[in-house]
1. At a 10 angstrom cut-off on C-beta neighbours, averaged per residue, how do the peptides A:187-195, A:16-24, B:178-186 rank from highest to lowest?
2. Among residues other than B:LYS210 whose Cβ falls under 10 Å from its Cβ, what is the net charge (Lys/Arg +1, Asp/Glu -1)?
3. Output wanted: per-residue J couplings in Hz (rounded whole) for the range A:81-90, from phi through Karplus 6.51 cos²θ - 1.76 cosθ + 1.60, θ = phi - 60°, x for Gly and Pro.
4. Could you work out the Kirkwood radius for the range B:154-260, taking every pair of different alpha carbons, averaging 1/r and inverting it, reported in Å?
5. Largest first and to the nearest Å, give the Cα extent of the range A:44-154 along each principal axis.
6. So how tilted is helix A:65-78 from the main axis of chain A? Cα-based, degrees 0 to 90, rounded to 10.
7. Using a cut-off of under 15 Å, list every residue of the range A:74-103 whose amide N is near the label point 7 Å from the Cα of A:LEU51 along the Cα-to-beta-carbon line.
8. Once you have the Kirkwood Rh of the range A:291-334 from its Cα pairs, apply Stokes-Einstein at 37 °C and 0.692 mPa s and quote D in µm²/s.
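Just so it is clear, none of the values below were taken in a lab; they were calculated from the coordinates. In this text the structure is predicted, and so the values were computed from the model without any measurement. With ideal geometry, Cβ positions are generated from the backbone for all residues, glycine too; neighbour counts draw on all protein chains shown.
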Amino acid sequence: MGRSLEDLIIFILKRFLQLLPVLLGVIVLTFLVTHVAAIDPCPRWYQKASLAVINHCKAQFALPLWTQFWNYFTQLLSGNWGTSPLGVPVYPVISAAFPATLELVLTSMFLMIFIGIPLGVIAAQFAGRWGDHLVRVLYLSGWSIPTYVGAIIAAVFLAPFLGLPTSGEYSAPPPFPQVTHMSVVDAIIALNFPYTIDALSHLILPAGVLAFIEMGNATRMTRSAMLEVLPLEYVKSARMKGLSNFVVLYKHALRNALITATTVLGVTAGGLLAGTVVIEEVFGWPGIGAYAFAVLGGGGRPDFDGAIAVVVVFAIGVVVANLIADILYGVLDPRVEWR
Amino acid sequence: MAATPLKVRRHRRGSGGTPPRPVGRSVWRSVRGLYRVMRANPLTFIGFLLVAIILILALIVIVDPALIVPYGAAQNTGVYKQPPTLLQWPPSIQHPFGTDQGGLDIYSEVMLALPLDLGIGIGIAAFALIAGGALGLIAGFWDQPRTLGGALSVVIMRTTDVFLAFPSLVLALAIVASIGRGVWAAILAIMITWWPYYVRLVRGETLAVKHLPYVTAARAAGVRDTRILTRHVLRNVLEPVVVYFTLDIGTVLVTFSTISFVGAGIPFPGKVPEWGSMMSFYQQNYVLSTYWWYITFPAIAIFMSALAFSLLGDGLRDVLDPRTRRALAESSSFHEPPAEVPQPAATPDAAEAEEEEIEEEAREAGVAA
């Protein structure tokens, strides 16, 4: 069959090795964008820096391209990701911000799965009728709202209405140590119940907006997967046994449809990560998205090393999410041979 | 093989004995097809109407803004300013979307931005369709390993994979940050990031189509590769790609406005307004819970334009996707009386049209053979 444990390990290793060329490509493309595409980049990237810094930058860019790439590549691999024009090292900032973004993205993925997928089931159940149309309007609305509009509507108009906070991770600095740097997890570890509630109320709005905006793919894919499964014989026989509609839909049909829906994880990873750039900025969430907004956006402080790090980290995030989705698909679908 | 040159000659344009295809009939058929799509799903019809309205409005703004934009371009060049008493007014009859602190009529600004935003959405999606589509066709059609085409195909797909690894917004922002801000930089940035998905889509379709019997028949008849590609494969690939394109216009609109919002787009207030930069400006400078109309109307404008294309594209995709279409028919006929089946192919004229399609395909294959 090719589905023993050793086969699984080989399967995962193989997928992992297939990633390496993509990761190398990511690093090369980022180099091309930041080092080669730019015309006279130093004054742009180091606007407020001293003349010495700008001259140093100019000297760097005067090196031959291959040397530039080698310096950039070794710097990236060594974990020393450079410093911002103000002298703040990049790597510690990003590694401190990463858990917050992970928490936000995972929460909105959770919401997306637990709201978006049932909506897809409802749409398939009422295919071509009003239930279907309503769901379609809902997910296409999310699709058509720019992230910042959704975030601003939620922060300015929805939050006062619901009484939810709109900025940061906690209302007051927490008295407990931040072990994981994920607000809710830290509060739970410290067994601090009020702070857990507080952290959740800070998390729910940004995660909800992100989930609503990216929900379309999950709902759509679930709907078409369900539409493919519903006419199959095993669903009909489940109905004929007299099982209730709910059990047939959510236990028998959805289980098969979900296999297809795991690909959603990979498909939406890019959208979710890109969404954090604006969402974290609007909601003051201390993650990589807000950092990306600062270093790549128009208003803030342009930061050469920071920009490179942010772009590479986002791309690695997407690649890893696709790897996980791929492996999950292989594990869940019994037809996939692991060898 | 001896007969091959003769048949190829017969196949050349103008020398064949086949009757000329009736043009009017095929136009009529596509109109009828569109009608069936609309009838199958009211949302698709609404999307179609909205798209039509938006396109007409944009056309009017381009041709003669004075018709629907009362204060027109004059207020952006500083010639016309609202009187001081009219600053920061909420929506009223003279100013349906209100005025801002600088005295700009927001309705005029929103309308003037329409052609630019729409043009960017359609233009970038079209570029991605053509560039990505061409690469996808090449990668899908010449994919035999150990040939020049196969090597090219591998290069194209690896490059596409790398581009797909980036969230397009982040890569576009990096490009803008690196080459300099401004509207052209933003457009170029999205163009560079937008094509890869089309490569994947078109390649998949090409791989599926190129082994169908009619293509094999054409190949057996000795038709040249390039001709098979343009005449036989391209046509069947086109439909799903164009549907995706329709859906994509809305996504491009939204992404461009996001880039513009993050601060890489056109400066506002300037000569030509743009929705994203407009909202960015108001959001940074005013308390939005008080001056709600500053941001509400540009937001509605962008939402409605994106939604229009999404509704149309999503509906078309549903009807044209044979998997969903078949499933839709079967699943609804299972627990519904057949009268309510929302299935276009179940109606006689649809069946007839499908027959026609098969006939035409046979004719095409006949031409090729």
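1. Highest to lowest by the protection proxy: B:178-186, A:187-195, A:16-24.
2. -1
3. 8, x, 10, 6, x, 8, x, 8, x, 7
4. 15.9 Å
5. Sorted from largest, the Cα extents of the range A:44-154 read 67, 28, 27 Å.
6. It is inclined by approximately 60 degrees.
7. none
8. Numbers: Rh = 12.2 Å.
So the translational diffusion coefficient is about 269 µm²/s.
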